[in-house]
Amino acid sequence: MPTSSFINGEFIGGDRNLAVENPATGAQIMTIAGADAATAGMKALDAASAAAASWAATTPRHRSDILRRAYELCLERADDLAVTMTMEMGKPLAEAYGEVNYGAEFLRWFSEEAVRSSGRFRPAPAAAGQNILVYSQPVGPTLLITPWNFPFSMGTRKIGPALAAGCTVVLKPANLTPLSSLLLMEILHEAGVPSGVVNCVVTEDSATLSSTLMDDPRLRKISFTGSTPVGRTLLSQASRNVLRTSMELGGNAPFLVLESADVDKTVTAVMAGKFRNNGEACTAANRIYVHRNIAEEFTAAFVDKVKALVLGNGLDEGTTLGPLIDQAAVQKCQDLVDDAVSKGAEVLLGGRALERAGHFFPATVLTNVPRVARVNKEEIFGPVAPIIVCETVDDMVEAANDTEFGLMAYVCGQDIDQVRDVVGRIESGMVAVNVGVASDPAAPFGGVKQSGIGREGSHEGLDEYLELKYVRIG
Ligand code: NAD
């Protein structure tokens, strides 16, 4: 297992000890030789800049073959990757295997997209004999910053398109979960990514790293996945050198259960949308709006399913809900529940943090949650499910849109005309209909409003790493 930053094809030492903890036990897994942010960051950018021209000059087919090999290596090392992810982040092992597949698919998808990048030709409409040519070119060296909740796939979702487009990379993984990214560095290196093309800096001082790199004119793009407040800071820093930016930020997904919903299918969808990844997903269903005429039946069936979740160490067989990432996350769930109860909500299940080693909060269902409760306004990032009963579809849509976020929304219903109408009125970058998980490497993932700028996955994911050059042929 590599234990330090990866720069210019080598794992380099570092003198800042950085402990990685297992959230299921509170015990230290290992110590990473963390780097001095400014020095290591600059070395990584030196390497990424030096490698930029030669990497951009490789053929798309060459880059595609390397990405394909990396995809295969990820699957070969699925056991290592999945166990590492569960140990550093806490998710149940079966879900960690799911993330290995999902993350690896971005490498396969972009190995295929690498050879599909195209330009345009058009005769100039009003200038006889003149032509308009449009080329796509790599943006250049990029800084990619990822969060802890999907430690592997948030890296591949950015590195896949960056490499496919011909860009070089400095990756800054979350310091709570650096191990999956370091395993990914090994894989990319073995797959044939040349030295300097992908670098990874592990540091506790993210702010210094990003600020130092963004002040350097050699850096041409920042792609960030994380919270909206940090995204805002980075956007303002990016303005100094007018960098290309992609921002995948926070969410506050509404889950609308229409009167026509099939209860069994809806409960299955809510379980996945709410409790997958321990509830720590930007797409997690945050607020469950249920039509009054179906509320009783839905709530009873939902509570039954939630009761069956097994809370525990993600490595233990049978665990379906893991620990939260740290004690602050547990405290936040507790505060949100207490606030909702003080404003009139009722706890149907759970509601109290567990007193045991590790960071455990039980699956919790709240009902009669008033609009003013904090749980409706803030990202929960935990296994707390607030149910809000609504009288009309218009009330549901109005409440769903009453947020500064706009990443994911869920709608369940069998009345296709009504579903279509609601989908059209929801303010979000993505809508899942009658299903609880929508992320797919072949689909454009991203948000509107304060959930971000840009898309990851699909063809649009590649465009984020390409510049257009218009050439006039006289
Ligand atoms: P975070 O914003 O605290 O940190 C994200 C990354 O930014 C980490 O690597 C962190 O070390 C780094 N960072 C923190 N402060 C920084 C600074 N001042 N300058 C530069 N880098 C800094 O978020 P988190 O707690 O790691 O992740 C949870 C958040 O991420 C949630 O809000 C969630 O919704 C969001 N998220 C969004 C998506 C998406 O695709 N939209 C996906 C996953 C997570």
- Task: Look at VAL115 and say whether it is more than 16 Å from the ligand (Cβ to nearest atom), outside any loop (DSSP other than H, G, I, E, B) and within 15 Å of the chain's Cα centre (by Cα).
- Result: no
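When the stretch 273-282 is examined, which residues are found to be near the ligand (Cβ under 9 Å from one of its atoms) and open to solvent by 10 Å² or more (accessible area, probe 1.4 Å)? Lay out the reasoning, then the answer.
At the first step, the residues of the stretch 273-282 found to be near the ligand (Cβ under 9 Å from one of its atoms) are 280-282.
Result: CYS282, single match.
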- Task: List the number of the failed condition for VAL422; all other conditions in (1) under 28 Å from ALA373 (Cα atoms); (2) aliphatic (A, V, I, L, M); (3) under 16 Å from the mean Cα position of the chain (by Cα) hold.
- Result: (3)
- Query: Which members of the stretch 246-262 meet the condition of being within 9 Å of HIS291 (Cα to Cα) and of a type in the set (A, V, I, L, M)?
  - Reply: LEU256, VAL257, LEU258
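Table: residues versus (1) in a loop (DSSP other than H, G, I, E, B); (2) out of contact with any Pro (no Cβ under 9 Å at 6 or more places or on another chain); (3) more than 11 Å from the ligand (Cβ to nearest atom).
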{"position": "ASN199", "(1), (2), (3)": "no, yes, yes"}
{"position": "THR208", "(1), (2), (3)": "no, yes, no"}
{"position": "ILE222", "(1), (2), (3)": "no, yes, no"}
{"position": "GLY231", "(1), (2), (3)": "no, yes, no"}
{"position": "SER246", "(1), (2), (3)": "no, yes, no"}
{"position": "GLY251", "(1), (2), (3)": "yes, yes, no"}
{"position": "THR266", "(1), (2), (3)": "no, yes, yes"}
- Can you find even one residue in the stretch 298-309 that is buried (at least 24 other Cβ atoms within 10 Å of the Cβ), within 30 Å of PRO147 (Cβ to Cβ) and within 16 Å of the ligand (Cβ to nearest atom)? no
- Message: With the structure loaded, tell me whether VAL384 is within 16 Å of the ligand (Cβ to nearest atom), of a type in the set (Val, Ile, Thr) and touching a Phe, Trp or Tyr at 6+ places or on another chain (Cβ under 9 Å) or whether it fails that test.
- Response: yes
- Message: Among the residues that make up the stretch 241-252, is at least one of them out of contact with any helix residue (DSSP H, G or I) (no Cβ under 6 Å at 6 or more places or on another chain), farther than 27 Å from ALA357 by Cα, open to solvent by less than 10 Å² (accessible area, probe 1.4 Å) and of a type in the set (S, T, N, Q)?
- Response: yes
- Message: Criterion first (outside any strand (DSSP E or B), open to solvent by 30 Å² or more (accessible area, probe 1.4 Å), of a type outside the set (A, V, I, L, M, F, W, C) and over 18 Å from VAL115 (Cα atoms)) does GLU460 satisfy it?
- Response: no
- Residues (in a loop (DSSP other than H, G, I, E, B), within 14 Å of the ligand (Cβ to nearest atom) and touching a strand residue (DSSP E or B) at 6+ places or on another chain (Cβ under 7 Å)) located in the stretch 167-184: PRO173, ASN175, PRO178
- Qualifying residues in the stretch 125-165 (those that are assigned to a strand (DSSP E or B) and of a type in the set (Ser, Thr, Tyr)) - the one least open to solvent (accessible area, probe 1.4 Å): THR142
- Note on the structure: Checked the stretch 322-340 for anything surrounded by 17 or more Cβ atoms within 10 Å (Cβ to Cβ), part of a helix (DSSP H, G or I) and of a type in the set (A, V, I, L, M, F, W, C); matches are ALA329, VAL330, CYS333, LEU336, VAL337, ALA340
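The values are calculated or read from the model by the stated rules, or taken from the named source; none is laboratory data. Note that the structure is predicted; figures quoted are calculated from it, not measured. Ideal geometry is used to build each Cβ from the backbone, glycine not excepted, and the neighbour counts take in all protein chains shown. Remember, those area values only see protein heavy atoms, side chains included, never the ligands or the DNA or RNA. Shrake-Rupley method; radii C 1.70, N 1.55, O 1.52, S 1.80 Å.
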